[in-house]
Amino acid sequence: MSLAEQDAPAPFKPLKQKPPKISVRRESDGTFYISSDYPLGEMKRSVVHILEERAAMHPQRRFIGERGPDGAWRFIGYGEANVKANAVASALLARGMNADTPLMVLSSNSIAHAVMALGAMKAGVPVAPVSVPYSLMSSDFSKLRHVVGLTKPKMIFADHGDLYGKAIAAVGEGAEIVTCTGSVAGATSFDDLVAMPVSNAVAASMEKIGHDTVAKYLFTSGSTGMPKGVIQTHRMMMAQIAAGEALRSEAPDPDEVPQSLEWMPWNHISAGNIGFNGNMNAGGTVYLDAGKPIPGMFDQTIANLRDVSPRVFGSAPVAFAMLADAMERDPTLRANFFRNLEYMGYGGATLSSDIYDRMQALAVAETGFRIPLTTMYGATETQGITVVHWVTERVGLVGLPVPGITLKLVPNGAKLEVRVKGPTVTPGYLNDPKKTAEVFDEEGFYSLGDAAKFLDESKPELGLVFDGRVTEDFKLSSGTWVSTGTLRADAVAACTPLIQDAVVCGLDKPYIALLAWPNVAAARKIAGLADDAAPEEAIAHPKVAAHLREALARHNKAGGGSSTRIARIHLMLEPPSIDGHEITDKGYVNQAATASRRAPLVERLYAEPAPEDVIVV
């Protein structure tokens, strides 16, 4: 074997998707129109028609799994789920519920949550799943009150009555409350609903459901203000499935039962629409993960991955770092994780080269192949509109438009603003025609407020790169423009694995500084502390400060100018606030809102002399 052959990287595991094939048109004003050359194909009728199809094909196949109180997995099959959804639909129709009387869901992902949602959709009743923190972490329930006032639900489902008791007391007046456990005065038992005899009204209701039927209302805070109710039609969700099918390079094995592990909440499109509907369409089994990619809770995810060998694994980059840590210590976990894995998907932030390299080293050690890494980009209003559907070593791409979608990139200052049109896009916002009119341009394209750019404009088939929010860039006191989105991603990557996310500061200031959220586990490791060392001790350790100084010094040397040079950084332990609008619907940190809410910390970044908790690069 030659030296060149010895040094050659391992091949990628085949990605069963078609290569890039797009059409690009550039107008004289610099506007680009981009679309896939792959046709969308026929769309199925609705989410609940897919359920009936799967229930008829394989009624005994496991649909959803969750851990019970004893820690053991318990499942509901496709047939049983369909039967119980029919009972819920019959109960809702008997109560006179319809398209104008939504079902609101306060709970996290569960079998009962799925049954309630599917039953409501069969009855033509929109489902309004609400972010759990609105009920359990908010101090004043202001966002929960707002979404209740917007939707006016006739029924509210909360799986654990005791857990959600305060939220129900705050907003539940006038609605029928349904719970699985706990004591809420006057509440209806979930078990009673699913025992309801099924009437002929359910079949009649199913006959009326079509692409334009409203299936859900999903809520997003966006950048500012109270949550907006985004209308979700069956057309939007069926087009998303059809787009995925159009990119397949080979037909799926009809005997395969793909497994997936899901921790992301169903009140977001990623898990609630794209993941849930896609799993059902594939006849797969989704295992519900009570873990989260944060210290102390990721252990549950690791435990679940000892039982589940997913075909696809998707999560935030921070979860990949934690997973790599665990698999580097545990070859048995590594073997189970890669057993059926075809590709991995990341979102919410840019995946650093360090984490990419570690995951690929683990994949090669276990399988002899590198694993394709993909990502999808979109919003609550659009579903997924671009995807990386080809093998690439380049991380940080947002891909190219999926079939059926036309992307419009409009010059906006120094950036290209992203707009989109297609069947996955919402018809508008619930009870807000003014806002609906504002977000669509004269050609009917929805504006996401984001920016994107070509990796190489001369080779558009290489894909697009996220370029931040069009309104986030600012000037230093010198008049120098700072590209916030690009700099944020570069800074987080430069400081990997220590930094999870950051806020770029410097408006009308003499230099750039960062407020950053640390990876506490990485800080403990760098500092040489025990796994149970206090977070405050870890992030204040001199070795952590030295690591950041060195990392940012390298970044500054490579950047070459004041528009990218970072002079100071402060590490924060308080997570982004839901009530404070610090997180957008796409999981992106709202830079302006965070800087405003944490103004005292911003002032500390620029204090002279620098306080002890501010690291000077």
> Taking Glu366, is it among the acidic types (Asp, Glu), buried (at least 22 other Cβ atoms within 10 Å of the Cβ) and at pLDDT 95 or above?
Replying inline: no
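Residue by residue through the range 292-326, note down the ones that are part of a helix (DSSP H, G or I) and either over 20 Å from Ala489 (Cα atoms) or at pLDDT 90 or above (or both). Working first, answer last.
Within the range 292-326, the subset part of a helix (DSSP H, G or I) is 298-305, 317-326.
Correct list: Phe298, Asp299, Gln300, Thr301, Ile302, Ala303, Asn304, Leu305, Leu323, Ala324, Asp325, Ala326.
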So, first residue at negative phi in the range 490-507, second residue in a helix (DSSP H, G or I) and of a type in the set (S, T, N, Q), Cβ within less than 7 Å, six or more apart or across chains; the pairs are Ala493/Ser353; Val503/Gln591; Val503/Thr594; Val504/Thr484; Val504/Gln591
Looking across the range 429-453 at residues that are aliphatic (A, V, I, L, M) and in a strand (DSSP E or B), the single one that is surrounded by the most Cβ atoms within 10 Å (Cβ to Cβ) is Ala451
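Report whether or not Arg524 is out of contact with any strand residue (DSSP E or B) (no Cβ under 8 Å at 6 or more places or on another chain) and charged (D, E, K, R).
Considered against the rule, which asks whether it is out of contact with any strand residue (DSSP E or B) (no Cβ under 8 Å at 6 or more places or on another chain) and charged (D, E, K, R), Arg524 comes out as yes.
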query: Quick check: is even one residue across the range 474-484 under 28 Å from Arg26 (Cα atoms) and not in a strand (DSSP E or B)?
result: yes
If we take the range 204-263, then strands (runs of 3 or more DSSP E) inside it with 2 or more residues that are of a type in the set (S, T, N, Q) and within 22 Å of Val48 (Cα to Cα) are 228-233, 259-262
Taking the range 243-253 and keeping residues over 20 Å from the mean Cα position of the chain (by Cα) and either under 17 Å from Asp212 (Cβ atoms) or in contact (Cβ under 8 Å) with a residue 12 or more places away in the chain (or both) leaves Glu245, Ala246, Leu247, Arg248, Ser249, Glu250, Pro252
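Checking the conditions here, which among Gly463, Gly422, Gly485 is surrounded by 21 or more Cβ atoms within 10 Å (Cβ to Cβ), assigned by TED's automatic domain parsing to the domain that holds Val391 and under 22 Å from Leu351 (Cα atoms)? Talk me through it step by step, then tell me what you get.
Values: Gly422 fails: under 22 Å from Leu351 (Cα atoms); Gly485 fails: assigned by TED's automatic domain parsing to the domain that holds Val391.
Result: Gly463 is the single residue among Gly463, Gly422, Gly485 that is surrounded by 21 or more Cβ atoms within 10 Å (Cβ to Cβ), assigned by TED's automatic domain parsing to the domain that holds Val391 and under 22 Å from Leu351 (Cα atoms).
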If we keep only residues of the range 135-154 that are over 20 Å from the mean Cα position of the chain (by Cα), assigned to a loop (DSSP other than H, G, I, E, B) and of a type outside the set (Ser, Thr, Tyr), then the residue modelled with the lowest pLDDT is Asp140
Heads up, the helices (runs of 4 or more DSSP H) in the range 30-127 (entirely inside) with at least 2 residues that are among the basic types (Lys, Arg) and surrounded by fewer than 24 Cβ atoms within 10 Å (Cβ to Cβ) are none
Check: Does the range 119-134 contain at least one residue that is among the aromatic types (Phe, Trp, Tyr), at pLDDT 95 or above, in the same structural domain as Pro197 (by TED's automatic domain parsing) and farther than 26 Å from Gly244 by Cα?
Finding: no
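The values are calculated or read from the model by the stated rules, or taken from the named source; none is laboratory data. Owing to the predicted nature of the structure, the values given are computational and were not obtained by experimental measurement. Heads up, the Cβs are rebuilt from the backbone with ideal geometry, glycines too, and the neighbour counts pull from every protein chain shown.
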